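In what follows, a structure is listed as structure tokens, so that the remarks can point back to it.
What follows draws every value from the coordinates through simple rules; no lab data is involved. The shown structure was predicted, so the numbers you read here are calculated from the model rather than taken from an experiment. Heads up, the Cβs are rebuilt from the backbone with ideal geometry, glycines too, and the neighbour counts pull from every protein chain shown.
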Amino acid sequence: MGKMNCWEFKKCGREPGGNKVNEFGVCTTAEENRLNEIHGGKNAGRSCWVVAHTLCGGAKQGGFAQKYMNCFECGFRLKVENEESFTLVTLDKLLRRLR
């Protein structure tokens, strides 16, 4: 089994074919291919904390600066950080890939 993506961890149903797509649409994280395979994830599935305009915990997140503090303490982000430890891609490198 591959590494867990955020939509699998959060069980949000917003991945392509997910059970909440009709209601909320596909999450930007699941479609962001510039971060594909970062930390072993699909699209931005393991670097979701840098993707703007996601829906998390039922609340619409804004741009990166607005949402990062919420993501900083997110259990999924902490899981990825722990799993990747020395190979974790730094925040500045992730943001550069999104430019």
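If r is the Cβ-Cβ distance from Glu31 to Lys3 and R0 is 22 Å, what FRET efficiency results, to the nearest 0.05? Spell out each step's value before the answer.
Values: r = 18 Å, r/R0 = 0.84.
The formula returns an efficiency of 0.75 here.
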Neighbourhood net charge (14 Å Cβ-Cβ; Lys/Arg +1, Asp/Glu -1) for Glu37: +4
Cα centre as origin, Lys/Arg/Asp/Glu Cβ charges: the stretch 9-99 dipole, Debye: 160 debye
Choice from Val89, Val80, Val50 with maximal GNM fluctuation in the chain (Cα, 10 Å cutoff): Val89
Most fluctuating residue given options Thr87, Thr28, Thr54, as computed from a GNM of the chain linking Cα atoms under 10 Å: Thr87
Local electrostatic count at Thr54 - Lys and Arg +1, Asp and Glu -1, tallied over other residues with Cβ under 9 Å: +3
Distance (nanometres) between label positions extended 7 Å along Cα→Cβ at Phe24 and Leu78: 2.1 nm
Cut-off under 5 Å, modelled amide H: who pairs with Cys56 long-range: Gln61
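Loop only by DSSP, 13 or fewer other Cβ within 10 Å of the Cβ. Give me the GluC sites (Glu not before Pro) in the stretch 13-63 that pass, ordered by residue number.
Working: sites: Glu23, Glu31, Glu32, Glu37; in loops: Glu32, Glu37.
Passing sites in the stretch 13-63 are Glu37.
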Nearest-ten-degree value, helix 75-84 long axis tilted from longest Cα axis of the chain: 40 degrees
Candidate values (1) 45, 27, 26; (2) 38, 33, 24; (3) 38, 30, 21, label of the one derived for Cα extents along the principal axes in Å: (2)
